[in-house]
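The values are calculated or read from the model by the stated rules, or taken from the named source; none is laboratory data. The structure displayed is predicted, hence computed values, not measured ones. No Cβ is skipped: glycine too gets one built from the backbone with ideal geometry, and neighbour counts run over all protein chains shown. To get the accessible areas, we keep the full protein, side chains included, count just its heavy atoms, and leave off ligands, DNA and RNA. Shrake-Rupley method; radii C 1.70, N 1.55, O 1.52, S 1.80 Å.
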Amino acid sequence: TVELTDVVVQQKGMYTSPWNSMTISVNGGGTVIVQSGTYSTECLTAEEANNQGTSHGPWVAGVLNSGGTLIINGGTFSNDNFGENSLATYARGAILADTGANIQINGGTFNALKAIVDIQNNLGDASKNPTGEIKGGIFSADPSNAYVKVAEGYVVIENNGVWTVAKAVAKIGETTYTSLADAFAAAQAGDTITLLADVTAWTR
């Protein structure tokens, strides 16, 4: 198990293959816990892609197909520093969840042009599909997908192209709110506010 706090890793370019060029790669059943820090990768330029015979960039972090656990509690993960001459449309995304991966995202900021969590099962064994939950974070694309789901009781809120995952605490009709104050502000005469979680509130 490795725990990372206030680490800065800047991966420039790509070497040999995308999975060898991540800032964090978990394999062999290992566990990495990220508390904070800055982790970034760059997409290949057109010239680099031609030289290496490839047309894409790496993920920022992830679990390889030998399995393992990646827990992200904070930090910034970016692969959007492409530059004008890069093949940005082939960026891999922020986080790889490969065969046997367990991904837990509890917080952090994630910037990517493509998928936030890129799901793969290279071994084709349905019993080893990637698993995990998202319980927090700020994302440049909708983080929901087939395997790594937004946890029960949490919601994805989109605002001007930014997606935030937060715990739902109240509901009016079919609309959920992440704070009781927001629910009160939105309530109209006759509305019923339903609490979805324990909250602390006071009046004066």
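Data for the structure
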item	result
Residues whose placed amide H lies under 5 Å from that of Thr38, excluding near-sequence neighbours	Val7, Val8, Val9, Thr76
Largest-first ordering by accessible area, 1.4 Å probe, given options Trp19, Trp59	Trp19, Trp59
Local net charge near Leu196, Cβ-Cβ under 9 Å (Lys/Arg +1, Asp/Glu -1)	+2
Hits among lysines - C-alpha to C-alpha of Lys149 under 22 Å, sequence gap 8 or more where chains match	Lys114, Lys128, Lys135, Lys167, Lys171
Contour minus Cα-Cα distance for Ile193 and Ser17 (0.36 nm per residue)	58.2 nm
Antiparallel DSSP beta bridges within region 98-168, percent to nearest 5	55 percent
Accessible-area order (highest first, 1.4 angstrom probe) of the listed residues Glu152, Glu3, Glu133, Glu42	Glu152, Glu3, Glu133, Glu42
Tyr154 accessible area, 1.4 Å probe, all protein chains in place, Å² to nearest 10	60 Å²
Heavy atoms of Asp118: accessible area, 1.4 Å probe, square angstrom to 10	30 Å²
Residues whose placed amide H lies under 5 Å from that of Asp142, excluding near-sequence neighbours	none
